[in-house]
1. From the list Gly61, Gly95, Gly40, Gly68, which one is touching a His at 6+ places or on another chain (Cβ under 8 Å) and surrounded by fewer than 18 Cβ atoms within 10 Å (Cβ to Cβ)?
2. Could you list all residues from the range 137-191 that are in contact with a strand residue (DSSP E or B) (Cβ under 6 Å, 6 or more places away or on another chain), of a type in the set (Asp, Glu) and in a helix (DSSP H, G or I)?
3. Does Phe98 satisfy the criteria of being within 30 Å of Gly139 (Cβ to Cβ), in contact (Cβ under 8 Å) with a residue 60 or more places away in the chain and aromatic (Phe, Trp, Tyr)?
4. Filtering the range 26-46 down to residues that are in contact with a Pro (Cβ under 8 Å, 6 or more places away or on another chain) and either assigned to a helix (DSSP H, G or I) or not small (Gly, Ala, Ser) (or both), which residue is nearest to Arg84 (Cα to Cα)?
5. Restricting to the range 44-67, what's the tally of residues that are more than 12 Å from Phe248 (Cβ to Cβ) and out of contact with any strand residue (DSSP E or B) (no Cβ under 8 Å at 6 or more places or on another chain)?
6. Take the residues in the range 166-197 that are among the charged types (D, E, K, R) and surrounded by fewer than 19 Cβ atoms within 10 Å (Cβ to Cβ); name whichever of them is farthest from Asp97 (Cα to Cα).
7. Would you pick out the residues in the range 135-151 that are of a type in the set (Ser, Thr, Tyr) and within 15 Å of Met99 (Cβ to Cβ)?
8. Kindly indicate the residue of the range 71-92 that is in contact (Cβ under 8 Å) with a residue 60 or more places away in the chain and of a type in the set (Gly, Ala, Ser) and also surrounded by the most Cβ atoms within 10 Å (Cβ to Cβ) among those meeting that condition.
Amino acid sequence: MTTDQFAALLPKATPILGLPVHMTNLRQAADVAEAMIRTGRRGYFCHVDARSVLAAHDEPGVHAAMSGATLVCPDGMPMVWLGRRRGHQVARTYGPDFMELLFERTGAWTDRPCRHFLFGSTPQILEDLVAALRRRAPGAQIAGTLSPRFGEWTEAEVAEHRRIINDSGADVVWVALGAPRQDLWMHENRPHLRAPLLAGVGAAFAFLAGTTPQAPPAIRRAGFEWLFRLMTEPRRLGGRYAATIPRFAALVLMEELRRRAA
């Protein structure tokens, strides 16, 4: 696949608070991912919600990490609504759904295996996740898992993480460190990892493992997943949402008014 052919697969992006977010959908994102895996073209995917976009708006390092991704996928409904308002055809590229879809697609390959590596979360969640993924996509190969310790890592630990991942022969590295840490990690480690695709999917590990309940699909489509999650984890998420939602809405409103006036 030539550079031009690959570029033709990539969807358009629209800036949201200065961060280019690709106007994509699950199928298109999976098409790009499969092309990268099959051709060995290296890159990484960021899945962003309102909190991620605010982090990129506030911190230049986070903005550089996210804007350097092959795809910046709209994981939150506000990005979808904004994209549609601007005339784009876009659908939510929800991390857990994307992960399931790519496992199912690559598990059905008959010409070659696709090896997946799971990086992040806790040992118990990883154990449950592996079992769940093998039930959903029995043909998929899991090359390895690694639950790094919490806190900051030493240079020696980072080098060991890279060695373990590279030695696994993985084609895809799924990263669940939480945003924006996972985005910074992918940006920093991209040159050192041989796997074509790194994908940051945050809470997808816990959702797919069954450890954390997901909102029903109808609630997710309506854009009220945040409310469902707030009700299930009020202590952890209450302060986060109080700091994120009003500020994101105000900044986006100002951005839209500037766009209209331009």
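1. Sole residue among the options that is touching a His at 6+ places or on another chain (Cβ under 8 Å) and surrounded by fewer than 18 Cβ atoms within 10 Å (Cβ to Cβ): Gly68.
2. Correct list: Asp183 only.
3. yes
4. Within the range 26-46, the match that is nearest to Arg84 (Cα to Cα) is Gln28.
5. The number of residues fulfilling the criteria is 5.
6. Keep residues of the range 166-197 that are among the charged types (D, E, K, R), which gives 167, 171, 181, 183, 188, 190, 194.
Next, from what is left, pick out any that are surrounded by fewer than 19 Cβ atoms within 10 Å (Cβ to Cβ): 167, 181, 188, 190, 194.
Values: Asp167: 28, Arg181: 21, Glu188: 26, Arg190: 24, Arg194: 25 Å.
Once the filter is applied, the top-ranked residue is Asp167.
7. Of all residues in the range 135-151, those of a type in the set (Ser, Thr, Tyr) come to 145, 147.
Answer for the range 135-151, where residues must be of a type in the set (Ser, Thr, Tyr) and within 15 Å of Met99 (Cβ to Cβ): just Thr145.
8. Restricting to residues being in contact (Cβ under 8 Å) with a residue 60 or more places away in the chain and of a type in the set (Gly, Ala, Ser), the top hit is Gly83.
Read-outs: derived from the displayed coordinates by stated rules, not from any lab. The model shown is predicted, which means the values in this text are computed figures rather than measured ones. As a convention, Cβ positions derive from the backbone with ideal geometry for all residues, glycine included, and neighbour counts pool all protein chains shown.
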